[in-house]
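Below is one structure, written out as structure tokens; comments come after it.
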Amino acid sequence: TDAPTQGDWQDILDAVKAKHNTLYGIARMAQPEFSPGSIKLVFSFPFHHKRVSDARNHDILSKIAHEVTGQKLIISYTLDTTKKPAASSPEIKKPNVDISSITAVFGGGEVLDS
């Protein structure tokens, strides 16, 4: 079997988010490492590692991973406090805020007669 991909992981996260928002909040903090038939989730914080490796959360993740990918993936968890959490990585785009649109909504500081 092929190794799962970052795209598969994103699809798994999206499916988790739809049903289990708290678990999503934890799982998205992992740095996934892919190998054929498995995903290893590397966590930076002991709290996240402990929560996600809880039997109930593990079952949910495994079930959703199987539904999304069609593969029986082995999902494992490890703790590496030297890794940066995935959710703080630079790929997350901040919305561009245009000051002129805010001014249009709230009005400028002064009104000028034309």
Q | Positions within the range 46-74 being in contact with a strand residue (DSSP E or B) (Cβ under 8 Å, 6 or more places away or on another chain) and farther than 12 Å from Ala3 by Cα, in sequence order | A | Pro46, His49, Val52, Ser53, His58, Leu61, Ser62, Ala65
Q.
If a residue must be under 13 Å from Ser62 (Cα atoms), of a type in the set (Val, Ile, Thr) and part of a strand (DSSP E or B), how many such residues does the range 16-48 contain?
A. 1
(Q) Restricting to the range 1-55, and then to whatever is among the basic types (Lys, Arg) and under 10 Å from the mean Cα position of the chain (by Cα), can you tell me which residue is nearest to His66 (Cα to Cα)? (A) Lys17
Q.
Condition (residue is touching an Asp or Glu at 6+ places or on another chain (Cβ under 6 Å) and open to solvent by less than 70 Å² (accessible area, probe 1.4 Å)) applied to the range 40-50: is it met by at least one residue?
A. yes
Q) Condition test on Leu13, is it touching a Phe, Trp or Tyr at 6+ places or on another chain (Cβ under 7 Å), in a helix (DSSP H, G or I) and at pLDDT 90 or above? A) yes
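The values are calculated or read from the model by the stated rules, or taken from the named source; none is laboratory data. Since the structure is predicted, the reported quantities are computational estimates derived from the model, not experimental observations. Cβ: placed from backbone, ideal geometry, glycine included. Neighbour counts: every protein chain shown. The area values use the complete protein model at the heavy-atom level, side chains included, leaving out ligands, DNA and RNA. Shrake-Rupley method; radii C 1.70, N 1.55, O 1.52, S 1.80 Å.
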